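Q: Starting off with a structure, shown below.
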Amino acid sequence: MKKSSGNENNTTTTVKVLSVSPSREDHTWLRQIFSKSEWARYTLYKWSLATCRSVESAVSALKQGEVPIVLCEADLLRGTWREMLEESRNCSKPPLLIVTSRLADERLWAEALNLGAYDVLAKPFDEQEVVRILSLAGMHWNDRATVSRQVAPRVMYAAG
């Protein structure tokens, strides 16, 4: 995430979201949601959206810069959301992975959370749910980054 500058409020943070889906419709819906100015009322963040159609292209995108949040379709043409989760763990600051699916049932939700995904979003996307989940993920990412900067290594000395 990057702090904004210029005419904007200094507390505004831009959060990059990477959508991994073979469906152009998914990317279109997300772009429409991201473009709405009403988002500003519900979140502390500005959002930028990048899109990929496969795990392979998403891994390349992750190598090009910090990406706090990855939305990954459960049913990819090549690769799986589990592979995306595993690959994202290789990042110096692993992104939060949110699995998206038309079949977002309890089984998928339990499996995704147990393996380390941040959450699951049902499709078709509900604008309020997308805003809620991404806002919470943005806060979680920001809190996690703040804590890691504040925690200094502690050195213990043995009594001599």
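The values are calculated or read from the model by the stated rules, or taken from the named source; none is laboratory data. Keep in mind it's a predicted model, so treat the numbers as computed, not measured. FYI the Cβ positions are ideal-geometry reconstructions off the backbone, even for glycines, and counts take in every protein chain you see.
Q: Does any residue of the range 103-122 turn out to be under 20 Å from Arg31 (Cβ atoms) and either among the β-branched types (Val, Ile, Thr) or outside any strand (DSSP E or B) (or both)?
A: Checked the range 103-122: no residue is under 20 Å from Arg31 (Cβ atoms) and either among the β-branched types (Val, Ile, Thr) or outside any strand (DSSP E or B) (or both).
Table: residues versus (1) surrounded by 20 or more Cβ atoms within 10 Å (Cβ to Cβ); (2) over 16 Å from Ser19 (Cβ atoms); (3) among the aliphatic types (A, V, I, L, M); (4) at pLDDT below 95.
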position	(1), (2), (3), (4)
Leu77	no, no, yes, yes
Trp81	yes, no, no, no
Leu85	yes, no, yes, no
Lys93	no, yes, no, yes
Ser101	no, no, no, no
Ala117	yes, no, yes, no
Ala122	no, no, yes, no
Gln128	no, yes, no, yes
Arg132	no, yes, no, yes
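Q: Moving on. Keeping to the range 55-75, report how many residues are surrounded by fewer than 18 Cβ atoms within 10 Å (Cβ to Cβ) and over 23 Å from Arg144 (Cα atoms).
A: 4
Q: How many of the residues in the range 69-121 are over 15 Å from the mean Cα position of the chain (by Cα), more than 16 Å from Cys52 (Cβ to Cβ) and among the aliphatic types (A, V, I, L, M)?
A: Total satisfying the criteria: 5.
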